[in-house]
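Trainee: First the structure, then my questions, so here it is.
The values are calculated or read from the model by the stated rules, or taken from the named source; none is laboratory data. All of these numbers come straight from a predicted model, not from anything done at the bench. Neighbour counts run over all protein chains shown; Cβ positions are idealised from the backbone, glycine included.
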Amino acid sequence: DSGVTQTPKHLITATGQRVTLRCSPRSGDLSVYWYQQSLDQGLQFLIQYYNGEERAKGNILERFSAQQFPDLHSELNLSSLELGDSALYFCASSPRRQGSLGEAFFGQGTRLTVV
Amino acid sequence: KNQVEQSPQSLIILEGKNCTLQCNYTVSPFSNLRWYKQDTGRGPVSLTIMTFSENTKSNGRYTATLDADTKQSSLHITASQLSDSASYICVVSAGSSASKIIFGSGTRLSIRP
């Protein structure tokens, strides 16, 4: 158990809909990262937050947004969903601002299926 | 363009044998490189982290090497076990503030009894 909690574990929704994925980082970790992993694809970095502020942005679509709350949990909002958005969405946390300098611990992921 | 390429794409070996996975990168400026193990349907777990000045780092039966001059890294697994069956992902961080994180597509390793 990495200490990073993601909910829900599975989500099935229809095209055009909007969903929210939630991530609770490890206790004390200030950085939260979101990743997308499509079937048989590598992990794609979406966005990083550090202590409530956006720190780095990757290949995140405009239809997607994220935020980190004062209690450090984070939410990833996916809107106008398309079939191609079906993927595993991982959250990772790290104690550091520059998370790559330390270890990032991953949650178990949310499997999103868009039908 | 920042890229991380891993080889082979997949590998099957017999239990007890050794194997080496490769990671080549064209990321600049380099910050650090990590190897992750990802079991099917689960989150990646960090194996090693290497900075520019480190050549070798071990974690049990896993040994990672880094050649910053040739921009190559390898992950050597010794005396493989069935539980080593997983995807192994190379991740390189770049940028002055390490703000860019580039993932390789992984090597899928299968250990056969």
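Trainee: Kindly evaluate residue B:16 against the criterion of being facing chain A (nearest Cβ under 9 Å) and on the phi > 0 side of the Ramachandran plot.
Mentor: So residue B:16 does not fit the description; no.
Trainee: Which numbered condition trips up residue A:68, out of (1) farther than 22 Å from residue B:89 by Cα; (2) surrounded by fewer than 18 Cβ atoms within 10 Å (Cβ to Cβ)?
Mentor: (2)
Trainee: Can you tell me which residue is nearest to the other protein chains (Cβ to nearest Cβ) among those in the range A:50-80 that are within 19 Å of residue A:5 (Cα to Cα) and assigned to a loop (DSSP other than H, G, I, E, B)?
Mentor: So the residue we want is A:51.
Trainee: Now, a different point. Among the residues of the range B:31-56, how many are more than 21 Å from residue A:87 (Cβ to Cβ) and either under 12 Å from the mean Cα position of the chain (by Cα) or not charged (D, E, K, R) (or both)?
Mentor: Looking only at that region, the number is 15.
Trainee: Test residue B:78 against the stated conditions and say whether it is in contact (Cβ under 8 Å) with a residue 24 or more places away in the chain, among the β-branched types (Val, Ile, Thr) and in contact with a Ser or Thr (Cβ under 8 Å, 6 or more places away or on another chain).
Mentor: yes
Trainee: Moving on. Is it the case, given these coordinates, that residue B:66 is among the aliphatic types (A, V, I, L, M) and surrounded by fewer than 14 Cβ atoms within 10 Å (Cβ to Cβ)?
Mentor: So residue B:66 fails the test.
Trainee: Same structure, new question: Is it true that some residue in the range A:22-30 is away from chain B (no Cβ under 14 Å) and more than 15 Å from residue A:95 (Cα to Cα)?
Mentor: yes
Trainee: So, one more: Which residue out of B:48, B:70, B:56 is of a type in the set (Val, Ile, Thr) and within 24 Å of residue A:107 (Cβ to Cβ)?
Mentor: After applying the criteria, what remains is B:48.
Yes/no matrix, rows are residues, columns are (1) crowded, with 16+ Cβ neighbours inside 10 Å; (2) of a type in the set (Asp, Glu); (3) touching a residue at least 40 places away in the same chain (Cβ under 8 Å):
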residue: B:9; (1), (2), (3): no, no, yes
residue: B:13; (1), (2), (3): yes, no, yes
residue: B:17; (1), (2), (3): no, no, yes
residue: B:30; (1), (2), (3): yes, no, yes
residue: B:35; (1), (2), (3): yes, no, yes
residue: B:41; (1), (2), (3): no, no, no
residue: B:49; (1), (2), (3): yes, no, no
residue: B:55; (1), (2), (3): no, no, no
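Trainee: Moving to a separate point now. Of the residues that sit in the range A:2-21 and are within 14 Å of chain B (Cβ to nearest Cβ) and not in a strand (DSSP E or B), which one is nearest to residue A:114 (Cα to Cα)?
Mentor: A:9
Trainee: Considering only residues that are in a strand (DSSP E or B) and either over 24 Å from residue B:3 (Cβ atoms) or more than 9 Å from chain B (Cβ to nearest Cβ) (or both), which ones fall in the range A:38-49?
Mentor: The answer is A:46, A:47, A:49.
Trainee: Residue B:92 - would you say it is under 30 Å from residue A:112 (Cα atoms) and not acidic (Asp, Glu)?
Mentor: Values: under 30 Å from residue A:112 (Cα atoms): yes; not acidic (Asp, Glu): yes.
Criteria met by residue B:92.
Trainee: Would you say residue B:89 is surrounded by 13 or more Cβ atoms within 10 Å (Cβ to Cβ) and either under 24 Å from residue A:3 (Cβ atoms) or modelled with pLDDT of 90 or more (or both)? Lay out the reasoning, then the answer.
Mentor: Working: surrounded by 13 or more Cβ atoms within 10 Å (Cβ to Cβ): yes; either under 24 Å from residue A:3 (Cβ atoms) or modelled with pLDDT of 90 or more (or both): yes.
It is true that residue B:89 is surrounded by 13 or more Cβ atoms within 10 Å (Cβ to Cβ) and either under 24 Å from residue A:3 (Cβ atoms) or modelled with pLDDT of 90 or more (or both).
Trainee: Of the conditions (1) within 10 Å of chain B (Cβ to nearest Cβ); (2) without any contact (Cβ under 8 Å) to a residue 60 or more places away in the chain, residue A:86 clears all except one; give me its number.
Mentor: (1)
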